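Notes to accompany the following structure.
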Amino acid sequence: MRVFTAKDKLPVKNEDETFCFLAGSIDFKESTSWRDTIIKGSSKNTIFFDPTREDHDTLDNQEMVCHIHWELEALELADMIILNFLPEAKSPISLVEFGLYMKSNKLIVVCPKEFYQYRYVSTICDRYNTSIYHNLQEVFKYV
């Protein structure tokens, strides 16, 4: 298992590897992030793309453009995208990624009923036959 962040060059894929993009709400205030929980519970052949940047709010325009391009390229490379909406978050970028990749068959959506747009997310998942889970523990079978 390896983790690539937005500061890393993206890898070339080997046949025996699975690429997983960790999309969703940011949880800077938590002592252990949901992304770390997924990574620690995964198989050895999974390569993760973690877009989290603690300096996100201080990036200048050029740095932000590079960051966005890295995310888009990593999303395209990914075999699966775990999209986790946290109950208290607004997650506007995650909602954009949700729309962009809904028809890709890559999405594994985690959306608790407390999320403010749960009805929107669950209705779209139902329409496009995308599984929706209410907590992270339900998705460990995929990674």
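None of the figures in this text is laboratory data; all of them are computed from the coordinates on show. Here the structure is a predicted model, which is why all the values come from computation and not from measurement. We place every Cβ from the backbone using ideal geometry, glycine too, and count neighbours over all the protein chains shown.
For Arg2, Arg35, what ranking results if the residue with the fewest other Cβ atoms within 10 Å of its Cβ goes first? Walk me through the numbers before you get to the answer.
On the way: Arg2 12, Arg35 21.
Result, fewest neighbours first: Arg2, Arg35.
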Give me the number: length gained by fully extending Gln62 to Lys103, i.e. 0.36 nm times residue separation minus the C-alpha to C-alpha distance, one decimal in nm.
11.7 nm
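Sort Cys125, Cys111, Cys66 so that the residue with the fewest other Cβ atoms within 10 Å of its own Cβ comes first and the one with the most comes last. Walk me through the numbers on the way to the answer.
Working: Cys125 18, Cys111 25, Cys66 13.
Result, fewest neighbours first: Cys66, Cys125, Cys111.
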Partner lysines whose C-alpha sits under 26 Å from that of Lys113, ignoring same-chain residues fewer than 8 away, are Lys29, Lys40, Lys90, Lys103, Lys141
Cut-off 10 angstrom, C-alpha nodes, Gaussian network model of the chain. Which of Tyr101, Tyr118, Tyr128 fluctuates the most?
Tyr128
For the chain, set up a GNM with springs between Cα atoms under 10 Å and report which of Val65, Val12, Val96 has the largest fluctuation.
Val12
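Please work out the Kirkwood hydrodynamic radius for the chain, using every pair of different C-alpha atoms, and report it in angstroms with one decimal place. Don't skip to the answer; put the middle values down first.
On the way: mean 1/r = 0.0644 Å⁻¹.
That comes to 15.5 Å for the chain.
Evaluate the charge dipole of the chain about its Cα centre and quote only its size in Debye, nearest 20, assuming +1 on the Cβ of each Lys and Arg and -1 on the Cβ of each Asp and Glu.
Numbers: 16 positive and 22 negative charges, 97 e Å.
Using Cβ point charges on Lys, Arg, Asp and Glu, the chain gives about 460 debye.
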Using modelled backbone amide H atoms (1.01 Å from N, in-plane), which distant-in-sequence or interchain residues come within less than 5 Å of Phe19's amide H?
Ile47, Asp79, Met80
